[in-house]
Each structure stands twice: as C-alpha cells, then as structure tokens.
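Take a look at this one; I'll ask things after.
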Amino acid sequence: MSKYPWFNFDQVDFVAADTHFSHTRISELAERPFSTIDEMNAELIRQWNQAVSPTDVVLHLGDVALGPIESIGLTAQLHGRRFLVPGNHDRVSPATQSRKAIERFAPLYEAAGWTILPEVIEGTRHGYRILASHYPYKGDSQESDRHTSHRPRWDDGIPLLHGHTHARDHGPNGHQFHVGVDVDAHAYAPIPFTIIDEWVRGLPDVEPWLDVAVREARQLVADLDATETSKSDAMFYTMGYNELRVALEELLGALDSSHPDSRPNTAKA
C-alpha cells in the first residue's frame, strides 16, 4: 500500500541532489575545488548541460541553490524537464519554510523551470518499488539527524534515493543511494538513472513489487486456511479480514504499477 504521493520513476533519465548554486561556503564545507561562486556556478551548469539534453527528464532531490533568491534564476539555464523534491535549504521546503514563504517563492522556482514535488515520493521503476527524498533514512552532514519528521519512514527494505549528507565516498549504502553531486564518482553532474537501475537489481533482498505482493497474498491466504476456526471468535475474523485487505491492496497497487498508464501521478506540488 502506497504511503507517499505516487511518482512515475519510469519517465526519469537523470537524478541529482545538492547543487547548492551560489552558496558562498559550499566549496569549503563540501571540499569543492572552486575559488569563486561564479566559477562553481559555471562549472555546475556546464557539467549538467553536457550530460543532460533539452528533452531529458531530471529528478533533483533538493538544495538547488543557497544564496540570494535571485540565484534560482540561474537554474533556468539547465537542460531538461526538471522535477524538484525540496531539501532543507530550498525556499519551498516544508521542513524549514512557512506556508506563506513557500507560496511566495514557489512561483520563482516554477519560472525557472522546476516542477515542485512533495518531500517524499514513492513509485516504481521497471517494476521495482522506489522512494526518493532529500533525506536518507538515517544520516546527516552533522552529528545528529535533522528534520526527522520530514524524512521517509524507517528502512523497511525499499530502495531510497537521497541527497543531504554531502558524503564524497559513496553513492550506494545498503538500501540507500546518495545521488548528490559531491560524490567523487558523480563529478558535479546528474547521474544516469541506468546506474540506479543496476544498483536496485543487484540488491540481494529486493524483488519486483508484484512478485512480493503476490507471494505475501498467497502466504496470508495459506495462513488463514491453516487456522483452526472452530475456536475462533469475531475478533479473529476481523483481524484476518483486515490483514487480507491490506495484502490485496498491496497486490492491486503492484498490478497498477505494472500498467503505469492506468495509475495517476499524484506527486504534485
């Protein structure tokens, strides 16, 4: 059963996070090799447009820019159809901004070509269930985890794409994949989603959603069939019914995901 707004990951060609356009201290904090903001901005735009064509779809997982609000206008130069899952430094972030501020700044992001999505989105990619958020399940660039109420729920085995940590030494880490541009292997550019596809397929405990849903539904039916009903009361039947309903919702959701044209995209601003 989907717990977050639904997003069609099959449409995405590239994914990125934490560009931090015009952030005066990001080169110091994230050890970027730039001596000026203008140099950094120019290189980020160059790397992006070298990788992404005007017709590609890019999913950005937050912290686009951190500087004067006018700096978001720089991102209009970026190629592609661009979706934004807000991070804590974005002026459209529910984690750090008031509703009034979001209403004020959202038109500036939209004018620069961004479609603003919720803080956590869920969907499927080639049949595999995926979550995406600025935040990881656990981890931060500081000592303790911040914005915990705005993060995805606990790690229950669903692959999660995220930014936020600015870790340079890894992209994949368990069920999490850090897509920030500061990862050494990413070279300050969005990464092709085909890299994510390969990672997801290689996770030993992750299966296509439909396979999981069918197996769980069959197991639940088998458990109900094997239960002694002569001593059962109304509570047992109610519990069994509720469990079966959840399993069937999971199965129907997985079936819908295998036919994406039949399911609406609910991850809207």
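Within region 35-74, how many residues are within 23 Å of the chain's Cα centre (by Cα) and under 19 Å from His166 (Cβ atoms)?
Qualifying residue count, region 35-74: 11.
Go through (1) surrounded by fewer than 16 Cβ atoms within 10 Å (Cβ to Cβ); (2) touching a residue at least 60 places away in the same chain (Cβ under 8 Å); (3) aliphatic (A, V, I, L, M) one by one and return the number of the condition Ala101 breaks.
The number of the failed condition is (2).
Name the single residue, out of those in region 138-153 being of a type in the set (Ser, Thr, Tyr) and not in a loop (DSSP other than H, G, I, E, B), that is modelled with the highest pLDDT. Steps first, please.
First pass over region 138-153, keeping only residues of a type in the set (Ser, Thr, Tyr): 141, 144, 148-149.
Those still in the list that are not in a loop (DSSP other than H, G, I, E, B) too: 148-149.
Values: Thr148: 74, Ser149: 77.
The selected residue is Ser149.
If I ask for residues that are under 22 Å from Ser53 (Cα atoms), surrounded by fewer than 17 Cβ atoms within 10 Å (Cβ to Cβ), of a type outside the set (Asp, Glu) and in contact (Cβ under 8 Å) with a residue 40 or more places away in the chain, which ones from region 162-204 would you list?
Ala187, Pro192
Still on this structure, I have one more. Among the candidates Arg151, Arg125, Arg129, single out the residue that is of a type in the set (Lys, Arg), within 13 Å of the chain's Cα centre (by Cα) and under 14 Å from Pro86 (Cα atoms).
Values: Arg125 fails: under 14 Å from Pro86 (Cα atoms); Arg129 fails: under 14 Å from Pro86 (Cα atoms).
Result: Arg151 is the single residue among Arg151, Arg125, Arg129 that is of a type in the set (Lys, Arg), within 13 Å of the chain's Cα centre (by Cα) and under 14 Å from Pro86 (Cα atoms).
Further question on the same structure: Looking at (1) modelled with pLDDT of 95 or more; (2) surrounded by fewer than 22 Cβ atoms within 10 Å (Cβ to Cβ); (3) of a type in the set (Gly, Ala, Ser), can you tell me which one Ala132 breaks?
Ala132 satisfies all of (1) modelled with pLDDT of 95 or more; (2) surrounded by fewer than 22 Cβ atoms within 10 Å (Cβ to Cβ); (3) of a type in the set (Gly, Ala, Ser) except (2).
Which count do you get for residues in region 139-161 that are of a type outside the set (Gly, Ala, Ser) and loosely packed, with under 14 Cβ neighbours inside 10 Å? Quick ask: steps written out before the conclusion?
Here is the first cut: in region 139-161, the residues of a type outside the set (Gly, Ala, Ser) are 140, 142-143, 145-148, 150-156, 158-161.
Then drop every residue that is not loosely packed, with under 14 Cβ neighbours inside 10 Å, which leaves 142-143, 148, 153-154, 156.
Selection size over region 139-161: 6.
Something else about it: Any idea which of Ala213, Ala254, Ala226 is over 24 Å from Val57 (Cβ atoms), modelled with pLDDT under 90, touching a helix residue (DSSP H, G or I) at 6+ places or on another chain (Cβ under 8 Å) and not assigned by TED's automatic domain parsing to the domain that holds Lys138?
Numbers: Ala254 fails: over 24 Å from Val57 (Cβ atoms); Ala226 fails: touching a helix residue (DSSP H, G or I) at 6+ places or on another chain (Cβ under 8 Å).
After ruling out the rest, the residue left standing is Ala213.
The values are calculated or read from the model by the stated rules, or taken from the named source; none is laboratory data. Not measured: the values here are computed from a predicted model. Cβ: placed from backbone, ideal geometry, glycine included. Neighbour counts: every protein chain shown.
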